[in-house]
Every structure is written in structure tokens, then in C-alpha cells.
Amino acid sequence: MILSPADVAAMDDEALLDLVQQATLSYFWDYGHPVSGMARERDNDAFGYSPEDTVTTGGTGFGVMALISGVERGFLPKDEVIERICRIVGFLEAADRFHGVFPHFMNGATGKTIPFGERDDGGDLVETSFLMAGLLTARQWLIPVRPDLAARIDRLWRHVEWSHHLRDDGALLWHFSPLHGFAMNHAITGWNECLITHVLAAASPTHPVPASTYHGSWARGRDFLNGRDYGGVTLPLGPDYGGPLFFAHYSFLGLDPRGLVDAYADYFVQNTAHALINRAHCLTNPHGFAGYGPDCWGLTASDTFDGYNAHSPVNDTGVITPTAALASMPYVPAEAMAALRGFLTAMDGRLFGPRGLADAFSPGRHWQASSHLAIDQGPIVVMIENHRSGLIWTLFMTAPEVLAGLARLGFASPHIDRASVA
């Protein structure tokens, strides 16, 4: 389906949001793995991974949230989505786990680990946190209609041994290998996409980590505090110019940043500043890349013309990734909507297809990705829905463990206040 500029101009914002959400959902609904129901990592064969059987843990968490959005938006049948979630849960119950922690990639037919790297062949705590955020959202959604399935999700959540990943100095480690132990020794310190990992680790009812890990390790990490001014916008946290925009998305698909404040930042202010700085860089366009402008902006991790890259203002190669702007819609709605209209007509309308927008494109090189990636498609659906209705934020923030974990770490949130009154 190629849309002309006149077609796009004739559609109002709500119609365009419907169009993009519904098409993007197809990645998870129509292209989900036929055995496991999990989200396939990608739909091309880059990097030696079979697109047919490589499923992604974190991308599935994003996909579960997207499917729930599709039901509540009227795009997908509720009973069938519940059965898909049931299939995913059944697969996860029998799949490889390492102290309750799932690997980054698995074979979607067998549940066996697909190593992400030489020593990355076991539990991935960050990807597991993305998965658990999606499953906890599903648990809250299912409690009134399928308490049996909600209870099975609860058991998966309770089996995650977050505390097993604690290093002696109190840092939380990303990877565990059954062959190499904690040899990768990669501490989850900020600022990056991993806030949700620390929140869920503190929230666990069975294997929690102490609040000292958050304050003494995460918040003491490289590039955590910023406070510098970028063209009139102050960035509270993160590396110079904010880093790739997925930092403002992955943790916040379920975690509601509105009014979420701790000792270090107001997280809606943080994410809005990050999006504005990213956009301003594209408009200033210091490298003179063709095509950049108010209707073509957004730098984050994605496929690119020479592999995969974490694009940002300090690593700008002329590649725009649609999820960067579109998943920022709750923060900068007018600016993201302008980008959406631009993406639908960019590259002569070829970016948009049955699975939504292509993963990335470079107007100056006349290049566009042949791929879609679960971790990029999911945030488009979910964050547009959070902008429209707050649905996923509302569901996830009804999980009592999440609110308890946030309170334990010293966060304030309107959700915590409402829960204390209830």
C-alpha cells in the first residue's frame, strides 16, 4: 500500500494513528512464531540468525503489550489474543531458564537458547525484565477474565532470581552463563534503557535486590547525571545529547513516567528533553544529511546500510529510524505526528507496508532497510497507545509489586498515591 502525499494529507491524525498501529501490529500477530507464539527477532536473515526460528525475549514482552493494545483498540479479537498469550506462557514454562532468567534469543520451536555471543549463552536479566514487564501487564489485564492464566504468569515472575545476579559489591549483572558464570561481568549501571530492570529487581516478591543496588550502582554509573543545556533544553540524565532514543522508550512502555520522580530526575521531563534534543539535532543537521527536517527526524538503534548501529546525535550516519520519533509521541506529540506524516510519504511512499514502516532509511543514500525488528515495532504500537489512552501505563501500574518496588527505591508517582488511598 503506497500512500500519496494527497492521501496522507486527507487523513486526520486519528485515522493515521489507526493505520500505523494496525499495520505495525501485524508484525506480532501475523508474523509471530507459529509454535511458540513468541515474537521473531526480525524478518530478514541478517547477522546469521534464522528469521524463522529466532525469537526474542524482550521483543516478546513488547509484543504482548502491543497485542493488548490491539484488542482494546478493536483491531484484534480478544479471545484469540488471550489464546496467543496462553501459548507464549506455555512455551516459556518449558523453555530454557537460568535461575528463572531467560536468554536473549531462543529457538521458537524448541525453547533452547540461541547464544547471543560467545559467553552470552544463558540468562539475560535486561531482556527478561522487558519480558516480565509485558507479562505483568498481561497478568493485570487477565485477572478479571482468565485468573488461571494470570496465575501462571505470576509463577513465571516469581521464579526470576534477580538476586542471583548481584555482584559482591552490590552491582546487578546483566548476563549469566551456565558455562562461564558471570565472566562477562557487565554491570547494569545507568543511564540507559535498564531502569525497568532495577525497578523489577527491587519489586520481586521472592528474590528482590536491595535499594542500595539502585542508589549505589545504577545511579553511580557512567553518564548517569547530566544537567547540561542543549540549545535551551536541560537534560537531567544520560550521556551527551541523550544517546539513542530507545533510552526513553524501553523502560517506559509500562512504567508511567507522568509524575514519576525520584532523587535524580522527573522522568517525564527527562524523556521529553531527550526527544527534543534528538529532534533539534536532526533539524540543525550539522553533517548536512539530505532529507532531515521537521517531518524526518529520530536517531536510535536500528539496522543500517552497513549492519546494526545505535544512532544518536554523537553517532549520526544519516540514518533515520521511525520508531525513534513515533515511540516519542507521548513526550512530543505534535513533533512526532509531523514525523509520522513525513515517514508515510518518504522514499516515494515505499517505507510503509503490511508490517508497518521499514526499520530505518537513509534519504541521502536512497537506502531503506529490508527488515522489521520486534524491539523497534513494539514501542511504536505501545507508545502511540499510551499517548492516545494511557492503556499500557495504566495496566502495568496496577501491579502492586511494581508500586512497592518504586516506593522501596524512593520514587514518587500518582499511581503510588492512589494505591495508598484505595
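Please treat every number below as a calculation from the coordinates, not as lab data. Note that the structure is a prediction, hence the values are computed from the model and not measured. Every residue, glycine as well, gets a Cβ built from its backbone with ideal geometry; the counts of neighbours run over all protein chains shown.
The set of residues in region 185-208 that are within 20 Å of GLY122 (Cβ to Cβ), over 16 Å from the mean Cα position of the chain (by Cα) and buried (at least 23 other Cβ atoms within 10 Å of the Cβ) comprises ILE188, ALA201. Scanning region 358-374 for residues that are of a type outside the set (S, T, N, Q), assigned to a loop (DSSP other than H, G, I, E, B) and in contact with a strand residue (DSSP E or B) (Cβ under 9 Å, 6 or more places away or on another chain) turns up ALA358, ASP359, ALA360, ALA369, HIS372.
Name the pairs: first residue in region 378-390 and of a type in the set (D, E, K, R), second residue surrounded by 24 or more Cβ atoms within 10 Å (Cβ to Cβ), Cβ to Cβ under 7 Å, at least 6 apart or on different chains? Every condition considered, the pairs that remain are GLU385/SER69; GLU385/ILE392.
Residue-by-condition table, conditions (1) in contact with a Pro (Cβ under 8 Å, 6 or more places away or on another chain); (2) among the charged types (D, E, K, R); (3) crowded, with 24+ Cβ neighbours inside 10 Å; (4) not in a helix (DSSP H, G or I):
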{"site": "MET1", "(1), (2), (3), (4)": "yes, no, no, yes"}
{"site": "ALA9", "(1), (2), (3), (4)": "no, no, no, no"}
{"site": "LEU17", "(1), (2), (3), (4)": "no, no, no, no"}
{"site": "SER36", "(1), (2), (3), (4)": "no, no, yes, yes"}
{"site": "GLU52", "(1), (2), (3), (4)": "no, yes, no, yes"}
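The number of residues in region 46-89 being over 21 Å from GLN22 (Cβ atoms) and aromatic (Phe, Trp, Tyr) comes to 2. Taken together, the residues in region 309-338 that are buried (at least 21 other Cβ atoms within 10 Å of the Cβ), among the aliphatic types (A, V, I, L, M) and closer than 12 Å to VAL20 by Cβ amount to 5. Only a single criterion out of (1) out of contact with any Cys (no Cβ under 9 Å at 6 or more places or on another chain); (2) more than 19 Å from GLY122 (Cβ to Cβ) is not satisfied by ALA171, namely (2).
Of all the listed residues (HIS274, HIS281), the sole one being part of a helix (DSSP H, G or I), under 26 Å from GLU41 (Cβ atoms) and either in contact with a strand residue (DSSP E or B) (Cβ under 8 Å, 6 or more places away or on another chain) or not aliphatic (A, V, I, L, M) (or both) is HIS274. When ARG341 is tested against (1) surrounded by fewer than 21 Cβ atoms within 10 Å (Cβ to Cβ); (2) in contact with a helix residue (DSSP H, G or I) (Cβ under 6 Å, 6 or more places away or on another chain); (3) in a loop (DSSP other than H, G, I, E, B), only condition (3) is not met.
Of all the numbered requirements in (1) out of contact with any Leu (no Cβ under 9 Å at 6 or more places or on another chain); (2) of a type in the set (Ser, Thr, Tyr); (3) buried (at least 21 other Cβ atoms within 10 Å of the Cβ), SER371 misses one, and that requirement is (3). Considered as a group, the residues in region 290-301 that are on the phi < 0 side of the Ramachandran plot and in contact with a strand residue (DSSP E or B) (Cβ under 8 Å, 6 or more places away or on another chain) include one that is surrounded by the most Cβ atoms within 10 Å (Cβ to Cβ), and that residue is LEU299. Filter region 163-212 down to the residues that are of a type in the set (S, T, N, Q), touching a helix residue (DSSP H, G or I) at 6+ places or on another chain (Cβ under 9 Å) and not in a loop (DSSP other than H, G, I, E, B) and list them by number. Passing the criteria: SER163, THR197. For region 378-403, which residues satisfy the criterion of being within 19 Å of ILE143 (Cα to Cα), assigned to a helix (DSSP H, G or I) and of a type in the set (A, V, I, L, M, F, W, C)? Result: LEU391, ILE392, TRP393, LEU395, PHE396, VAL402, LEU403. Residues considered: PRO244, PRO239. Of these, the only one that is over 26 Å from VAL381 (Cβ atoms), within 20 Å of the chain's Cα centre (by Cα) and in contact (Cβ under 8 Å) with a residue 40 or more places away in the chain is PRO239. Of all the criteria given as (1) surrounded by fewer than 24 Cβ atoms within 10 Å (Cβ to Cβ); (2) more than 20 Å from VAL55 (Cα to Cα); (3) aromatic (Phe, Trp, Tyr), the one not satisfied by PHE116 is (2).
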